[in-house]
1. What length, rounded to one decimal in nm, is gained on full extension from Glu266 through to Phe254, with 0.36 nm per residue of separation minus their alpha-carbon distance?
2. Of all DSSP beta bridges in the chain, what percent run antiparallel (nearest 5)?
3. To the nearest 10 Å², what's His214's accessible area with a 1.4 Å probe?
4. Could you order Val125, Val62 by accessible surface area, starting with the largest, using a probe radius of 1.4 Å?
5. Rounded to the nearest angstrom and ordered from largest down, what semi-axes does the equivalent ellipsoid of the chain get from its C-alpha gyration tensor (root of 5λ)?
6. Rounded to the nearest angstrom and ordered from largest down, what semi-axes does the equivalent ellipsoid of segment 1-90 get from its C-alpha gyration tensor (root of 5λ)?
7. Going Cα to Cα from Lys229, which aspartates and glutamates come in below 13 Å? Please leave out same-chain ones fewer than 8 positions away.
8. Would you please give the residues with an amide H less than 5 Å from that of Lys110, counting only those at least 5 places away or on a separate chain, with H modeled from the backbone geometry?
Amino acid sequence: MGTLDVRAAKGARRIAMLTAYDAPTAALVDGCDIDIILVGDSLGMVMLGRGDTLSVTVDEMVHHCRAVTGSVTRALVVADMPFLSYETGPAEALRNAGRLFREGGARAVKLEGAGPYLPQVRALVDAGIPVMGHIGLTPQRVAQLGGFKVQGKTADAARRLLDDALALEQAGCFSIVLECVPSPVAARITAALTIPTIGIGAGPDCDGQVLVLHDMLGLQDRMVPRFVKRYANLAGQVTAAVTAYKQEVESGAFPGPEHGFAMPDEELRQLGRDKDGQEQKPGQE
(Lines give C-alpha, C1' and ligand atoms only; values in the text may rest on other atoms or scores of the structure.)
Protein backbone atom coordinates (compact mmCIF):
# COMPACT_ATOMS: atom_id res chain seq x y z
CA MET A 1 0.00 0.00 0.00
CA GLY A 2 1.38 3.38 -1.00
CA THR A 3 0.17 6.95 -0.78
CA LEU A 4 -1.11 6.81 -4.36
CA ASP A 5 -3.27 3.82 -3.39
CA VAL A 6 -4.66 5.82 -0.47
CA ARG A 7 -5.53 8.72 -2.74
CA ALA A 8 -7.10 6.37 -5.28
CA ALA A 9 -9.43 5.02 -2.57
CA LYS A 10 -11.25 8.38 -2.45
CA GLY A 11 -14.81 7.68 -3.55
CA ALA A 12 -14.00 4.05 -4.32
CA ARG A 13 -13.78 2.34 -0.94
CA ARG A 14 -13.38 3.06 2.77
CA ILE A 15 -9.89 3.18 4.28
CA ALA A 16 -9.11 1.32 7.53
CA MET A 17 -6.30 2.68 9.69
CA LEU A 18 -5.04 1.57 13.12
CA THR A 19 -2.11 2.36 15.38
CA ALA A 20 0.69 -0.06 16.21
CA TYR A 21 3.84 0.53 18.21
CA ASP A 22 5.74 -2.76 18.23
CA ALA A 23 6.58 -5.73 16.05
CA PRO A 24 4.04 -8.35 17.28
CA THR A 25 0.99 -6.11 17.05
CA ALA A 26 2.15 -4.58 13.77
CA ALA A 27 2.42 -8.06 12.24
CA LEU A 28 -1.06 -8.98 13.46
CA VAL A 29 -2.61 -5.77 12.15
CA ASP A 30 -0.81 -6.02 8.82
CA GLY A 31 -1.96 -9.63 8.50
CA CYS A 32 -5.56 -8.39 8.61
CA ASP A 33 -5.00 -6.24 5.50
CA ILE A 34 -5.34 -2.94 7.33
CA ASP A 35 -4.55 -0.16 4.84
CA ILE A 36 -2.54 2.22 7.04
CA ILE A 37 -0.63 1.64 10.26
CA LEU A 38 0.03 4.78 12.26
CA VAL A 39 2.97 4.82 14.64
CA GLY A 40 1.38 7.58 16.68
CA ASP A 41 2.93 9.79 19.31
CA SER A 42 0.07 8.35 21.38
CA LEU A 43 2.72 5.76 22.25
CA GLY A 44 3.71 8.18 25.00
CA MET A 45 0.44 7.40 26.78
CA VAL A 46 -0.27 3.90 25.48
CA MET A 47 3.18 2.32 25.70
CA LEU A 48 5.19 4.56 28.03
CA GLY A 49 2.56 5.40 30.64
CA ARG A 50 2.77 9.17 30.35
CA GLY A 51 -0.06 11.62 30.81
CA ASP A 52 0.10 13.12 27.33
CA THR A 53 1.98 12.98 24.03
CA LEU A 54 4.08 16.12 24.47
CA SER A 55 7.21 14.49 25.90
CA VAL A 56 7.63 11.95 23.09
CA THR A 57 10.95 12.44 21.29
CA VAL A 58 12.07 11.82 17.74
CA ASP A 59 14.44 9.13 19.05
CA GLU A 60 11.49 7.31 20.64
CA MET A 61 9.47 7.60 17.44
CA VAL A 62 12.35 6.20 15.39
CA HIS A 63 12.72 3.29 17.83
CA HIS A 64 9.06 2.29 17.59
CA CYS A 65 8.87 2.92 13.84
CA ARG A 66 11.76 0.53 13.28
CA ALA A 67 9.98 -2.17 15.28
CA VAL A 68 6.79 -1.71 13.27
CA THR A 69 8.26 -1.42 9.78
CA GLY A 70 10.35 -4.54 10.30
CA SER A 71 7.15 -6.58 10.63
CA VAL A 72 4.92 -4.98 7.98
CA THR A 73 4.74 -6.19 4.38
CA ARG A 74 1.54 -4.59 3.08
CA ALA A 75 0.24 -1.58 5.01
CA LEU A 76 1.45 1.98 4.54
CA VAL A 77 3.33 2.93 7.72
CA VAL A 78 2.81 6.56 8.74
CA ALA A 79 4.84 8.11 11.57
CA ASP A 80 3.68 10.98 13.74
CA MET A 81 6.05 13.92 13.93
CA PRO A 82 6.19 14.61 17.68
CA PHE A 83 5.80 17.94 19.42
CA LEU A 84 8.51 20.49 18.55
CA SER A 85 9.99 18.30 15.82
CA TYR A 86 8.65 20.52 13.02
CA GLU A 87 7.19 23.73 14.49
CA THR A 88 10.44 25.72 14.32
CA GLY A 89 10.64 25.63 10.54
CA PRO A 90 11.05 23.62 7.33
CA ALA A 91 14.72 22.77 7.94
CA GLU A 92 13.99 21.15 11.30
CA ALA A 93 10.97 19.40 9.86
CA LEU A 94 13.06 17.95 7.02
CA ARG A 95 15.77 16.77 9.36
CA ASN A 96 13.39 14.96 11.69
CA ALA A 97 11.13 13.56 8.97
CA GLY A 98 14.27 12.29 7.24
CA ARG A 99 15.18 10.36 10.38
CA LEU A 100 11.74 8.78 10.54
CA PHE A 101 12.19 7.71 6.91
CA ARG A 102 15.83 6.57 6.91
CA GLU A 103 16.15 5.17 10.43
CA GLY A 104 12.55 4.28 11.20
CA GLY A 105 11.47 3.00 7.80
CA ALA A 106 8.21 5.00 7.70
CA ARG A 107 6.89 5.89 4.27
CA ALA A 108 4.85 8.94 5.25
CA VAL A 109 4.64 11.34 8.18
CA LYS A 110 1.71 13.02 9.92
CA LEU A 111 1.85 16.48 11.42
CA GLU A 112 -0.78 18.42 13.31
CA GLY A 113 -2.19 21.78 12.31
CA ALA A 114 -2.19 24.00 9.24
CA GLY A 115 -1.64 27.77 8.98
CA PRO A 116 1.93 28.41 10.16
CA TYR A 117 2.95 24.83 9.32
CA LEU A 118 2.06 24.92 5.64
CA PRO A 119 5.66 25.81 4.66
CA GLN A 120 6.81 22.67 6.48
CA VAL A 121 4.27 20.57 4.59
CA ARG A 122 5.44 22.00 1.26
CA ALA A 123 9.10 21.46 2.12
CA LEU A 124 8.53 17.83 3.05
CA VAL A 125 6.44 17.12 -0.04
CA ASP A 126 9.02 18.84 -2.26
CA ALA A 127 11.68 16.59 -0.72
CA GLY A 128 9.68 13.48 -1.58
CA ILE A 129 8.27 12.81 1.89
CA PRO A 130 4.47 12.23 1.78
CA VAL A 131 2.53 14.13 4.44
CA MET A 132 -0.76 13.28 6.13
CA GLY A 133 -2.43 16.33 7.67
CA HIS A 134 -4.30 16.41 10.98
CA ILE A 135 -6.84 19.05 12.02
CA GLY A 136 -9.70 19.39 14.48
CA LEU A 137 -8.66 18.23 17.91
CA THR A 138 -4.87 18.23 17.74
CA PRO A 139 -3.50 16.62 20.92
CA GLN A 140 -0.16 18.46 20.68
CA ARG A 141 -2.10 21.75 21.01
CA VAL A 142 -4.46 20.56 23.73
CA ALA A 143 -3.26 23.23 26.17
CA GLN A 144 -4.25 25.93 23.67
CA LEU A 145 -7.55 24.22 22.91
CA GLY A 146 -8.56 24.08 26.58
CA GLY A 147 -8.61 20.30 26.79
CA PHE A 148 -9.78 17.38 24.69
CA LYS A 149 -12.84 19.05 23.21
CA VAL A 150 -14.79 18.78 19.97
CA GLN A 151 -13.62 21.37 17.45
CA GLY A 152 -15.64 23.21 14.78
CA LYS A 153 -18.91 23.44 16.67
CA THR A 154 -19.71 26.97 15.47
CA ALA A 155 -20.15 28.06 11.86
CA ASP A 156 -17.04 30.25 11.99
CA ALA A 157 -14.93 27.50 13.54
CA ALA A 158 -16.20 25.00 10.97
CA ARG A 159 -15.29 27.36 8.12
CA ARG A 160 -11.77 27.70 9.54
CA LEU A 161 -11.44 23.92 9.57
CA LEU A 162 -12.59 23.73 5.96
CA ASP A 163 -10.12 26.45 4.98
CA ASP A 164 -7.33 24.59 6.80
CA ALA A 165 -8.23 21.34 5.04
CA LEU A 166 -8.19 22.99 1.62
CA ALA A 167 -4.87 24.68 2.41
CA LEU A 168 -3.31 21.38 3.46
CA GLU A 169 -4.54 19.74 0.27
CA GLN A 170 -3.07 22.61 -1.77
CA ALA A 171 0.23 22.26 0.12
CA GLY A 172 0.46 18.64 -1.02
CA CYS A 173 -0.99 16.41 1.73
CA PHE A 174 -2.16 13.02 0.43
CA SER A 175 -4.82 12.66 3.15
CA ILE A 176 -6.05 14.45 6.28
CA VAL A 177 -7.10 13.15 9.70
CA LEU A 178 -10.20 14.85 11.12
CA GLU A 179 -10.35 14.39 14.89
CA CYS A 180 -13.32 15.22 17.12
CA VAL A 181 -15.18 17.24 14.50
CA PRO A 182 -19.00 17.35 14.28
CA SER A 183 -20.20 14.80 11.75
CA PRO A 184 -21.88 17.35 9.42
CA VAL A 185 -18.68 19.43 9.35
CA ALA A 186 -16.55 16.39 8.56
CA ALA A 187 -18.97 15.45 5.79
CA ARG A 188 -18.66 18.93 4.22
CA ILE A 189 -14.87 18.84 4.41
CA THR A 190 -14.77 15.35 2.92
CA ALA A 191 -16.98 16.43 0.02
CA ALA A 192 -14.85 19.51 -0.64
CA LEU A 193 -11.52 17.67 -0.86
CA THR A 194 -10.08 15.51 -3.62
CA ILE A 195 -7.89 13.68 -1.07
CA PRO A 196 -9.24 11.22 1.52
CA THR A 197 -10.25 12.19 5.03
CA ILE A 198 -9.59 9.78 7.90
CA GLY A 199 -12.00 10.30 10.76
CA ILE A 200 -11.62 9.73 14.48
CA GLY A 201 -14.67 11.01 16.27
CA ALA A 202 -15.75 12.70 13.04
CA GLY A 203 -18.72 10.62 11.98
CA PRO A 204 -19.44 8.10 9.23
CA ASP A 205 -18.97 10.27 6.13
CA CYS A 206 -15.19 10.43 6.17
CA ASP A 207 -13.31 8.38 3.57
CA GLY A 208 -11.78 6.22 6.28
CA GLN A 209 -11.50 5.69 10.03
CA VAL A 210 -8.66 5.37 12.54
CA LEU A 211 -8.59 4.13 16.14
CA VAL A 212 -5.89 3.47 18.72
CA LEU A 213 -5.41 -0.31 18.69
CA HIS A 214 -5.21 -0.65 22.46
CA ASP A 215 -8.49 1.20 22.88
CA MET A 216 -10.48 -0.85 20.36
CA LEU A 217 -9.06 -4.12 21.75
CA GLY A 218 -9.76 -3.19 25.36
CA LEU A 219 -6.14 -3.78 26.30
CA GLN A 220 -6.14 -1.06 28.92
CA ASP A 221 -8.65 -0.76 31.72
CA ARG A 222 -9.28 2.96 31.42
CA MET A 223 -12.01 5.23 30.17
CA VAL A 224 -12.01 5.62 26.43
CA PRO A 225 -13.42 8.48 24.35
CA ARG A 226 -17.01 8.33 23.16
CA PHE A 227 -15.92 7.71 19.57
CA VAL A 228 -14.13 4.45 20.43
CA LYS A 229 -15.87 1.15 19.84
CA ARG A 230 -14.38 -1.73 21.81
CA TYR A 231 -14.23 -4.83 19.66
CA ALA A 232 -12.73 -6.98 22.44
CA ASN A 233 -11.90 -6.94 26.14
CA LEU A 234 -8.37 -8.31 26.11
CA ALA A 235 -7.46 -6.72 29.43
CA GLY A 236 -9.89 -9.09 31.12
CA GLN A 237 -8.50 -12.09 29.26
CA VAL A 238 -4.91 -11.15 30.12
CA THR A 239 -5.83 -10.72 33.79
CA ALA A 240 -7.52 -14.14 33.85
CA ALA A 241 -4.55 -15.81 32.16
CA VAL A 242 -1.94 -14.26 34.47
CA THR A 243 -4.01 -15.13 37.55
CA ALA A 244 -4.33 -18.75 36.41
CA TYR A 245 -0.58 -18.94 35.78
CA LYS A 246 0.23 -17.66 39.27
CA GLN A 247 -2.17 -20.15 40.87
CA GLU A 248 -0.69 -23.09 38.94
CA VAL A 249 2.88 -22.11 39.83
CA GLU A 250 1.95 -21.88 43.50
CA SER A 251 0.09 -25.21 43.46
CA GLY A 252 2.75 -27.03 41.44
CA ALA A 253 0.36 -27.77 38.57
CA PHE A 254 2.71 -25.93 36.21
CA PRO A 255 5.01 -27.06 34.78
CA GLY A 256 3.74 -30.56 34.07
CA PRO A 257 5.71 -33.45 32.55
CA GLU A 258 4.76 -32.30 29.07
CA HIS A 259 6.54 -28.99 29.64
CA GLY A 260 9.92 -30.54 30.47
CA PHE A 261 12.65 -32.47 28.65
CA ALA A 262 13.75 -36.07 29.13
CA MET A 263 17.28 -37.44 29.38
CA PRO A 264 18.42 -40.89 28.10
CA ASP A 265 18.40 -43.44 30.93
CA GLU A 266 22.04 -44.41 30.36
CA GLU A 267 23.14 -40.78 30.55
CA LEU A 268 21.12 -40.35 33.72
CA ARG A 269 22.79 -43.44 35.24
CA GLN A 270 26.18 -42.11 34.17
CA LEU A 271 25.38 -38.82 35.84
CA GLY A 272 24.90 -40.74 39.09
CA ARG A 273 28.44 -42.23 38.96
CA ASP A 274 31.75 -40.53 39.73
CA LYS A 275 34.57 -40.37 37.20
CA ASP A 276 35.80 -43.83 38.29
CA GLY A 277 32.41 -45.37 37.66
CA GLN A 278 31.42 -45.64 41.34
CA GLU A 279 27.86 -44.84 42.24
CA GLN A 280 27.50 -41.56 44.08
CA LYS A 281 25.05 -40.73 46.79
CA PRO A 282 22.86 -37.67 46.34
CA GLY A 283 24.76 -34.55 47.37
CA GLN A 284 28.16 -36.01 46.51
CA GLU A 285 28.23 -34.71 42.95
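The values are calculated or read from the model by the stated rules, or taken from the named source; none is laboratory data. This structure is a prediction, so every number in the text was calculated from the model and none was measured. With ideal geometry, Cβ positions are generated from the backbone for all residues, glycine too; neighbour counts draw on all protein chains shown. Just the protein is used for accessible areas: all its heavy atoms, side chains included, with ligands, DNA and RNA removed. Shrake-Rupley method; radii C 1.70, N 1.55, O 1.52, S 1.80 Å.
1. On the way: separation 12, 0.36 × 12 = 4.32 nm, distance 2.74 nm.
Extending this stretch completely gives an extra 1.6 nm.
2. 5 percent
3. 20 Å²
4. Values: Val125 50, Val62 5 Å².
So, going from the largest accessible area down, we get Val125, Val62.
5. On the way: eigenvalues 490, 93, 60 Å².
That gives 49, 22, 17 Å for the three semi-axes.
6. Details: eigenvalues 112, 55, 25 Å².
After diagonalising the Cα gyration tensor, the semi-axes are 24, 17, 11 Å.
7. Reachable aspartates and glutamates: Asp215.
8. Here Ala79, Asp80, Met81, Met132 satisfy the definition.
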